[in-house]
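Enquirer: A single structure is presented below for examination.
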């Protein structure tokens with residue numbers, strides 16, 4: 001009976017891991033994510049960032065840091081919280097994809113029962129870490145409106161991104177998993193595409209049809225045009241590998257000693273009515289102690305630590321005397337709920353939390369320029385944020401660096417920041433126009449962000465969101481410097497922001513900065529290698545203005561543009577825009 | 001001697017597709033007055049049919065069992081109403097006509113400027129329309145599908161990589177849309193051919209983009225040109241957004257330069273003012289003076 005439950009648990013783990021990977025794979029082509037404005041969602045659909053939304057630690061962090069009830073996150077995170085209140089860390093043992101990944105790697109690596117319970121000090125580290133994180137969330141956060149003079153004192157920082165397992169796994173998959181998977185599938189598809197030259201297929205129409213079907217199936221699976229490349233891919237994979245490799249010291253080392261989500265669920269689990277009881281049939285063979293994945297069973301096998309137990313059912317299954325059972329009455333159970341935290345270490349944890357928040361602030365890039373109402377960081381000429389992003393301080397607070405936006409980005413332009421914006425912004429998404437433009441008809445990142453650091457926007461709205469301004473480097477532009485016929489930037493510009501300055505019949509590009517939104521189409525297509533002669537700078541960023549104000553600016557700059565029958569190409573479907581306009585609060589999106 | 005003849009024969013056979021293209025040059029040079037047919041009545045498919053019929057029917061260009069390549073303007077992330085791409089119904093009707101004439105395979109192809117290519121193909125409406133009519137649609141073919149092509153009479157452009165399918169096609173139909181252009185002032189058939197090469201950047205970086213366009217036109221000649229002047233773009237071409245005008249015309253012909261001259265006139269400009277057309281005339285690509293062209297209206 002117990003081994004059946006154990007098998008059920010393994011099935012559940014595989015199911016949730018598969019679900020996680022499938023949802024991850026879907027991100028970018030699911031109808032819920034209005035990628036490239038395909039149709040309007042009506043009614044509820046399964047969000048592809050389900051796991052990120054359901055993660056109580058991320059939900060807590062987002063809501064505390066932004067000082068806002070984020071209902072979309074709450075709906076998904078609440079069931080997990082309730083589950084943990086009832087059953088303790090069952091999420092860790094039955095659902096968590098990181099836990100499953102670790103279990104799988106340990107099974108493949110042949111790491112089996114590694115001795116008795118981990119020495120207590122290590123086990124406490126995750127709780128100290130949780131304390132540190134809570135402190136970072138509770139510290140005064142950025143205000144939503146950058147007009148507040150206290151913005152320069154904001155200390156909020158979302159440090160959760162470094163250590164939350166779901167965010168970590170998502171980021172690893174995005175940065176280092178998608179590209180190799182796509183290379184493989186794209187290679188298979190391209191081999192298929194060369195059929196027109198292959199004489200093999202010409203005589204065999206059945207083969208052609210079969211290959212076509214395989215090809216379209218593969219194309220549906222991946223973004224067919226080019227695999228995405230990401231910075232920090234190797235680093236993120238190395239971190240993941242490191243976490244798994246810690247299993248060499250003890251099974252599920254991460255879950256036992258480091259995972260703050262596990263710590264949070266463990267604390268919630270103290271209220272759980274279900275407990276394990278060891279009967280007198282116990283012969284003290286200590287098999288359960290050795291087999292326990294979490295090292296939760298104390299040297300006295302009748303006692304175990306409640307906040308560590310993940311309900312993997314291993315002890316129940318391996319006990320030769322079948323002495324372990326599940327009960328409700330506390331008196332008969334040996335469950336120890338104490339966290340046993342040392343006060344000094346808790347204070348140290350809080351200190352670390354404070355330091356983690358302050359340290360990036362003493363990085364030189366934390367100095368803000370104060371040009372009227374605009375507040376940018378000095379290092380940030382290339383800190384071009386995705387459309388719909390919150391103003392900078394709120395953005396780095398709300399962004400959990402999960403990488404979802406980078407995964408769904410249809411042009412591979414969103415990359416993790418590394419250098420732009422200093423220490424505080426590492427891992428947050430920035431536009432790198434030379435990698436790809438911000439496509440005019442794409443709204444994917446706004447749909448994908450689980451913490452609404454990138455606020456959703458519609459296709460029509462996007463035209464009025466200023467990300468930056470393009471500048472022509474005349475010394476490099478082949479038209480300005482060498483008198484060549486080019487104007488590819490003008491061809492590429494979807495907003496008609498580039499005018500021609502004509503000299504002896506030769507047109508040279510000039511950017512109209514009131515119209516340019518900084519999408520980067522021009523920089524992406526400029527034929528001058530390697531970095532383009534026209535480049536986008538963050539100086540046109542107008543996130544401090546409301547969307548209505550930005551729209552007014554743009555319409556004043558080019559009256560009549562993008563209106564009416566002439567330009568029917570870029571209107572959002574009415575239903576979609578309606579849905580965004582009628583949201584219960586700014587940023588809410590079912 | 002025999003081996004030499006056999007070798008020459010084999011060489012000719014492998015270049016069969018290329019030769020069929022070049023034969024168009026000989027034909028154009030020998031005929032006295034080129035003809036353009038302009039259809040203005042009926043709906044879009046009707047106009048396409050009328051125009052092609054007036055030239056002698058699709059059977060004149062497509063032989064039974066032949067492989068056809070249609071090259072529309074499918075380069076921009078724009079919907080059909082904006083006049084930036086070839087209208088999908090024009091492409092679809094041409095596909096139908098080719099298949100009715102007995103074509104073994106019809107491919108609709110372009111190397112777009114905008115991306116992602118799949119999005120360009122669907123937003124322009126061409127993928128859906130063409131596939132429904134029975135064609136295979138290739139938007140942004142991978143580099144493996146291009147072949148090195150020497151431009152024998154090129155003054156600036158000496159060689160380039162052209163889509164292999166076009167070089168080997170039995171019938172190559174160019175289906176441009178008439179638009180103004182920020183760089184070349186106007187774009188029609190000759191400029192549309194830029195979508196058949198892999199490295200366009202090299203043309204821009206060369207001594208003269210206009211000359212490259214003209215050079216290329218001497219080497220790659222479509223068998224049939226169908227100009228989509230349903231809705232033309234009069235400002236901010238080639239992508240817009242700009243002022244459009246509904247002319248509701250479909251023009252067809254075999255002289256690339258005459259077709260382009262006609263398109264430029266529709267855009268309220270003079271063919272002599274367009275650099276790449278002048279240079280193409282100097283290279284003998286076709287007739288630029290519309291007074292020496294038969295314009296038949298149907």
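Enquirer: Could you count how many residues in region B:62-75 are assigned to a loop (DSSP other than H, G, I, E, B) and surrounded by fewer than 24 Cβ atoms within 10 Å (Cβ to Cβ)?
Expert: From region B:62-75, those assigned to a loop (DSSP other than H, G, I, E, B) are B:62-66, B:73-75; that's our starting set.
Still in the list and also surrounded by fewer than 24 Cβ atoms within 10 Å (Cβ to Cβ): B:63-66.
Residues in region B:62-75 being assigned to a loop (DSSP other than H, G, I, E, B) and surrounded by fewer than 24 Cβ atoms within 10 Å (Cβ to Cβ): 4 in total.
Enquirer: Go through (1) more than 23 Å from residue A:488 (Cα to Cα); (2) surrounded by 21 or more Cβ atoms within 10 Å (Cβ to Cβ); (3) in contact with a strand residue (DSSP E or B) (Cβ under 6 Å, 6 or more places away or on another chain) one by one and return the number of the condition residue B:221 breaks.
Expert: (3)
Enquirer: May I ask you to verify whether residue A:534 is more than 12 Å from chain B (Cβ to nearest Cβ), buried (at least 16 other Cβ atoms within 10 Å of the Cβ) and closer than 26 Å to residue A:412 by Cβ? Steps first, answer last, please.
Expert: Working: more than 12 Å from chain B (Cβ to nearest Cβ): yes; buried (at least 16 other Cβ atoms within 10 Å of the Cβ): yes; closer than 26 Å to residue A:412 by Cβ: yes.
In short, yes.
Enquirer: Further question: Based on what the data block shows, is residue B:168 farther than 21 Å from residue A:504 by Cβ and within 10 Å of chain A (Cβ to nearest Cβ)? Give the steps one after another, and end with the answer.
Expert: Details: farther than 21 Å from residue A:504 by Cβ: yes; within 10 Å of chain A (Cβ to nearest Cβ): yes.
In short, yes.
Enquirer: Any residue in region B:146-153 that is without any contact (Cβ under 8 Å) to a residue 24 or more places away in the chain, within 14 Å of another protein chain (Cβ to nearest Cβ) and surrounded by fewer than 18 Cβ atoms within 10 Å (Cβ to Cβ)?
Expert: Within region B:146-153, one or more residues are without any contact (Cβ under 8 Å) to a residue 24 or more places away in the chain, within 14 Å of another protein chain (Cβ to nearest Cβ) and surrounded by fewer than 18 Cβ atoms within 10 Å (Cβ to Cβ).
Enquirer: To continue, here is another question. Can you pull out the residues in region A:88-104 that are surrounded by fewer than 23 Cβ atoms within 10 Å (Cβ to Cβ) and modelled with pLDDT under 90?
Expert: none
Enquirer: With the condition kept exactly as written, say whether any residue in region B:71-92 is without any contact (Cβ under 8 Å) to a residue 12 or more places away in the chain and over 15 Å from the mean Cα position of the chain (by Cα). So that I can check it myself, show each step before the final result.
Expert: Step one: filter region B:71-92 for residues without any contact (Cβ under 8 Å) to a residue 12 or more places away in the chain, giving none.
No, region B:71-92 contains no residue that is without any contact (Cβ under 8 Å) to a residue 12 or more places away in the chain and over 15 Å from the mean Cα position of the chain (by Cα).
Enquirer: Here is a further query. Among the strands (runs of 3 or more DSSP E) contained in region B:192-298, which hold 2 or more residues that are at pLDDT 95 or above?
Expert: Working: elements: B:224-233, B:244-253, B:294-297.
Passing ranges, in order: B:224-233, B:244-253.
Enquirer: Let me ask something else. Can we say residue A:470 is more than 12 Å from chain B (Cβ to nearest Cβ), surrounded by 23 or more Cβ atoms within 10 Å (Cβ to Cβ) and within 27 Å of residue B:181 (Cα to Cα)?
Expert: On the way: more than 12 Å from chain B (Cβ to nearest Cβ): yes; surrounded by 23 or more Cβ atoms within 10 Å (Cβ to Cβ): yes; within 27 Å of residue B:181 (Cα to Cα): yes.
In short, yes.
Enquirer: Another question, then. Taking residue A:489 as the residue in question, decide whether it is out of contact with any strand residue (DSSP E or B) (no Cβ under 6 Å at 6 or more places or on another chain) and within 12 Å of chain B (Cβ to nearest Cβ). Before you say what the answer is, go through the steps one by one.
Expert: Working: out of contact with any strand residue (DSSP E or B) (no Cβ under 6 Å at 6 or more places or on another chain): no; within 12 Å of chain B (Cβ to nearest Cβ): yes.
It is false that residue A:489 is out of contact with any strand residue (DSSP E or B) (no Cβ under 6 Å at 6 or more places or on another chain) and within 12 Å of chain B (Cβ to nearest Cβ).
Enquirer: I'd like the full set of residues that are crowded, with 23+ Cβ neighbours inside 10 Å and more than 11 Å from chain B (Cβ to nearest Cβ), limited to region A:494-525.
Expert: Result: A:516, A:517, A:518, A:519, A:520, A:522, A:523.
Enquirer: Being in a loop (DSSP other than H, G, I, E, B) and in contact with a helix residue (DSSP H, G or I) (Cβ under 9 Å, 6 or more places away or on another chain) is the filter here, so list the residues in region B:42-56 that pass it. Walk me through how you get there before you give the answer.
Expert: Step one: list which residues in region B:42-56 are in a loop (DSSP other than H, G, I, E, B), which gives B:42-43, B:55-56.
Matches in region B:42-56: B:42, B:43.
Enquirer: Shifting gears a bit: Would you pick out the residues in region B:110-126 that are within 15 Å of the chain's Cα centre (by Cα) and surrounded by fewer than 24 Cβ atoms within 10 Å (Cβ to Cβ)? Before you say what the answer is, go through the steps one by one.
Expert: The first filter runs over region B:110-126 and keeps only residues within 15 Å of the chain's Cα centre (by Cα), leaving B:110-112.
Residues satisfying the conditions are B:111, B:112.
Enquirer: Going through region B:91-121 one residue at a time, which ones are out of contact with any helix residue (DSSP H, G or I) (no Cβ under 7 Å at 6 or more places or on another chain) and either at the interface with chain A (Cβ under 9 Å from one of its Cβ atoms) or at positive phi (or both)?
Expert: Within region B:91-121, B:102, B:105, B:115, B:116, B:117, B:118 qualify.
Enquirer: Inside region B:83-101, can you point out the residues that are assigned to a loop (DSSP other than H, G, I, E, B) and within 15 Å of residue B:133 (Cβ to Cβ)?
Expert: B:86, B:87, B:101
Enquirer: When residues of region B:192-204 are filtered for being closer than 27 Å to residue B:247 by Cβ and surrounded by fewer than 24 Cβ atoms within 10 Å (Cβ to Cβ), how many remain? Lay out the reasoning, then the answer.
Expert: Start the filter on region B:192-204 by keeping residues that are closer than 27 Å to residue B:247 by Cβ, which leaves B:192-196.
Checking which are surrounded by fewer than 24 Cβ atoms within 10 Å (Cβ to Cβ) leaves us with B:193-195.
Qualifying residue count, region B:192-204: 3.
Enquirer: Any idea which residue in region B:154-165 is farthest from the other protein chains (Cβ to nearest Cβ), counting only those that are closer than 27 Å to residue B:135 by Cβ and buried (at least 23 other Cβ atoms within 10 Å of the Cβ)? Steps first, answer last, please.
Expert: In the first step, residues of region B:154-165 are kept if they are closer than 27 Å to residue B:135 by Cβ; the result is B:160-165.
Applying the additional criterion that residues be buried (at least 23 other Cβ atoms within 10 Å of the Cβ) yields B:160, B:163, B:165.
Details: B:160: 15, B:163: 10, B:165: 6 Å.
Looking at residues that are closer than 27 Å to residue B:135 by Cβ and buried (at least 23 other Cβ atoms within 10 Å of the Cβ), I get B:160.
Enquirer: Restricting the search to region B:127-137, which residues are within 14 Å of another protein chain (Cβ to nearest Cβ) and within 18 Å of the chain's Cα centre (by Cα)?
Expert: To start, the set of residues in region B:127-137 that are within 14 Å of another protein chain (Cβ to nearest Cβ) comprises B:127-128, B:131, B:134-137.
Across region B:127-137, the qualifying residues are B:127, B:135, B:136, B:137.
Enquirer: Here's a follow-up. Are any residues in region A:473-486 touching a helix residue (DSSP H, G or I) at 6+ places or on another chain (Cβ under 7 Å) and either surrounded by 18 or more Cβ atoms within 10 Å (Cβ to Cβ) or within 14 Å of another protein chain (Cβ to nearest Cβ) (or both), and if so, which ones?
Expert: Of region A:473-486, the ones touching a helix residue (DSSP H, G or I) at 6+ places or on another chain (Cβ under 7 Å) are A:474-475, A:478, A:484-486.
Passing the criteria: A:478, A:484, A:485, A:486.
Conditions tested, residue by residue: (1) buried (at least 17 other Cβ atoms within 10 Å of the Cβ); (2) within 14 Å of another protein chain (Cβ to nearest Cβ); (3) touching a helix residue (DSSP H, G or I) at 6+ places or on another chain (Cβ under 6 Å).
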{"position": "B:245", "(1), (2), (3)": "no, yes, no"}
{"position": "B:250", "(1), (2), (3)": "yes, no, yes"}
{"position": "B:256", "(1), (2), (3)": "yes, no, yes"}
{"position": "B:259", "(1), (2), (3)": "yes, no, yes"}
{"position": "B:266", "(1), (2), (3)": "yes, no, no"}
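Enquirer: So residue B:65 ticks every box in (1) farther than 30 Å from residue B:205 by Cα; (2) more than 14 Å from chain A (Cβ to nearest Cβ) but one. Which box is left unticked?
Expert: If we test residue B:65 against (1) farther than 30 Å from residue B:205 by Cα; (2) more than 14 Å from chain A (Cβ to nearest Cβ), just (2) comes out false.
Enquirer: Let me ask something else. For region B:178-188, indicate whether the set of residues that are out of contact with any strand residue (DSSP E or B) (no Cβ under 8 Å at 6 or more places or on another chain) and either within 14 Å of another protein chain (Cβ to nearest Cβ) or buried (at least 24 other Cβ atoms within 10 Å of the Cβ) (or both) is non-empty. Before the answer, list the steps.
Expert: Start the filter on region B:178-188 by keeping residues that are out of contact with any strand residue (DSSP E or B) (no Cβ under 8 Å at 6 or more places or on another chain), which leaves B:184-185.
Still in the running and either within 14 Å of another protein chain (Cβ to nearest Cβ) or buried (at least 24 other Cβ atoms within 10 Å of the Cβ) (or both): B:184-185.
Checked against the condition, which is being out of contact with any strand residue (DSSP E or B) (no Cβ under 8 Å at 6 or more places or on another chain) and either within 14 Å of another protein chain (Cβ to nearest Cβ) or buried (at least 24 other Cβ atoms within 10 Å of the Cβ) (or both), region B:178-188 yields at least one hit.
Enquirer: Now, a different point. Please name all residue pairs, on different chains or six or more residues apart, with Cβ atoms under 7 Å, provided the first residue is in region B:196-209 and is more than 8 Å from chain A (Cβ to nearest Cβ) and the second residue is surrounded by fewer than 21 Cβ atoms within 10 Å (Cβ to Cβ) and modelled with pLDDT under 90.
Expert: Close Cβ pairs (under 7 Å, with a partner that is surrounded by fewer than 21 Cβ atoms within 10 Å (Cβ to Cβ) and modelled with pLDDT under 90) amount to B:198/B:143.
Enquirer: Further question on the same structure: Just one of the numbered conditions (1) surrounded by 18 or more Cβ atoms within 10 Å (Cβ to Cβ); (2) in contact with a helix residue (DSSP H, G or I) (Cβ under 6 Å, 6 or more places away or on another chain) is not true of residue B:290; which one?
Expert: The single condition residue B:290 does not satisfy is (1).
Enquirer: Moving to a separate point now. Given the condition modelled with pLDDT under 60, outside any loop (DSSP other than H, G, I, E, B) and surrounded by fewer than 19 Cβ atoms within 10 Å (Cβ to Cβ), answer yes or no: does some residue in region A:153-171 qualify? So that I can check it myself, show each step before the final result.
Expert: Taking region A:153-171 as the starting set, the residues that turn out to be modelled with pLDDT under 60 are A:153-158.
From what is left, the residues that are outside any loop (DSSP other than H, G, I, E, B) are A:153.
Next, from what is left, pick out any that are surrounded by fewer than 19 Cβ atoms within 10 Å (Cβ to Cβ): A:153.
Yes; the residues of region A:153-171 include at least one that is modelled with pLDDT under 60, outside any loop (DSSP other than H, G, I, E, B) and surrounded by fewer than 19 Cβ atoms within 10 Å (Cβ to Cβ).
Enquirer: If you check A:339, A:347, A:354, A:316, which single one turns out to be under 38 Å from the mean Cα position of the chain (by Cα), surrounded by 14 or more Cβ atoms within 10 Å (Cβ to Cβ) and over 19 Å from residue A:295 (Cβ atoms)?
Expert: Working: A:339 fails: over 19 Å from residue A:295 (Cβ atoms); A:347 fails: surrounded by 14 or more Cβ atoms within 10 Å (Cβ to Cβ); A:316 fails: over 19 Å from residue A:295 (Cβ atoms).
Residue meeting the stated conditions: A:354.
Enquirer: Can you tell me which of (1) over 36 Å from the mean Cα position of the chain (by Cα); (2) within 14 Å of chain B (Cβ to nearest Cβ); (3) at pLDDT below 90 is the one residue A:554 doesn't meet?
Expert: (1)
The values are calculated or read from the model by the stated rules, or taken from the named source; none is laboratory data. Please read these numbers as outputs of a predicted model, since none were measured by experiment. Please note: Cβ atoms are built from the backbone with ideal geometry, for glycine as well, and neighbour counts cover all protein chains shown.
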